[in-house]
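The structure appears right after this line, and notes come after that.
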Amino acid sequence: MLILNREQRRVLVDKLPDVANVAAGAMVFGQALTERTFSLRLAALGVALWALLLICSVLLAGRSE
């Protein structure tokens, strides 16, 4: 198991929502830039990944040392 100190956890909690936004943007809005048809499955996966990463961020923020 990975043990993070307070500063490492703070940086991870700060950057994880940014990663979530990029993942959701790529999987949902990125489909508009391709010539393929819109995939509802891929969009749902992007939203689910976004939610999962945000939940992980909240859990890490609330974790004590």
Over the range 1-56, with neighbouring protein chains present, the accessible area per residue in Å² at probe 1.4 Å is 79 Å²
Within the chain, helix-based [θ] at 222 nm, where runs of 4 or more DSSP H residues each add -39,500 (n - 2.57), nearest 500 = -24000 deg cm²/dmol
So how far apart, in nm, are the two label points at Leu12 and Val58 if each is 7 Å from Cα heading toward Cβ?
-> 1.8 nm
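The values are calculated or read from the model by the stated rules, or taken from the named source; none is laboratory data. Since this is a predicted model, take the numbers as computed values, not measurements. As a convention, Cβ positions derive from the backbone with ideal geometry for all residues, glycine included, and neighbour counts pool all protein chains shown. These area figures cover heavy atoms from the full protein model, side chains too; ligands, DNA and RNA do not enter into them. Shrake-Rupley method; radii C 1.70, N 1.55, O 1.52, S 1.80 Å.
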